[in-house]
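Below: one structure, written as structure tokens.
A short reminder: the numbers here are calculations on the coordinates, not readings from a lab. Values in this document were obtained by computation on a predicted structure and should not be read as measured data. FYI the Cβ positions are ideal-geometry reconstructions off the backbone, even for glycines, and counts take in every protein chain you see.
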Amino acid sequence: MNFRAFAARFALVVSCSLMATTPAMAQFWQCAPYARTISGISIHGNANTWWSQAAGRYARGHAPKVGAVLAFSSTGKMRLGHVAMVSEVVSDREVLLTHANWSRRGGIERNVRAVDVSEAGDWSLVKVWYGPNGGLGTSSYPTKGFIYSDRDASTDMIETETQEPIAPLTIASLGGSDEISF
């Protein structure tokens, strides 16, 4: 057997074993459907449309509250924006977020740190915990503000098999930067 055939068989065995060990309930989450599910804010579409869609339907503002969804603006790295639910207010300039598809493609992260780094203290610019760094990422992200839910979503978070963060081996091994755009 030549090296090429051996490598192909090895790759097939590894991929089959990985598929066999993937939990049946594992799901790939985008940020918007996950935020809608855990917050109860019934907005559909890309994250960058949530702020405008919320106008007249949900209260909006610039103060964090548990259960509110922080709407991130579109950027070059994040063309479709991002949404994340506030799971805890730590201080007027720090919250914990629960969101999907940030540090790991399709993965869920609970209670990760986000800090308001705006000069005005109005949550218009934030830094967010980034798994591969094990701390706040190096980039700051513009936000539009908070969309307030009609209910306390902190007790309604759904259970999934993809909650636990995994080691950033694949991202680091691909030579990626500390930010990922999806």
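Figures for the structure shown
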{"item": "Under 5 Å, built H, 5+ apart or other chain: amide partners of Gly137", "result": "Val128, Trp129, Tyr130"}
{"item": "Sequence-distant residues sharing a close amide H with Leu97 (under 5 Å, placed H)", "result": "Ser87, Asn111, Val112, Arg113, Ala114"}
{"item": "Tensor-based shape of the stretch 41-113 (alpha-carbon gyration tensor, a/c under 1.5 rounded, otherwise prolate or oblate)", "result": "oblate"}
{"item": "Residue order, fewest to most beta carbons within 10 Å, for Thr75, Thr98, Thr138", "result": "Thr138, Thr75, Thr98"}
{"item": "Cβ-derived FRET efficiency at R0 22 Å, Phe28 paired with Thr138, nearest 0.05", "result": "0.25"}
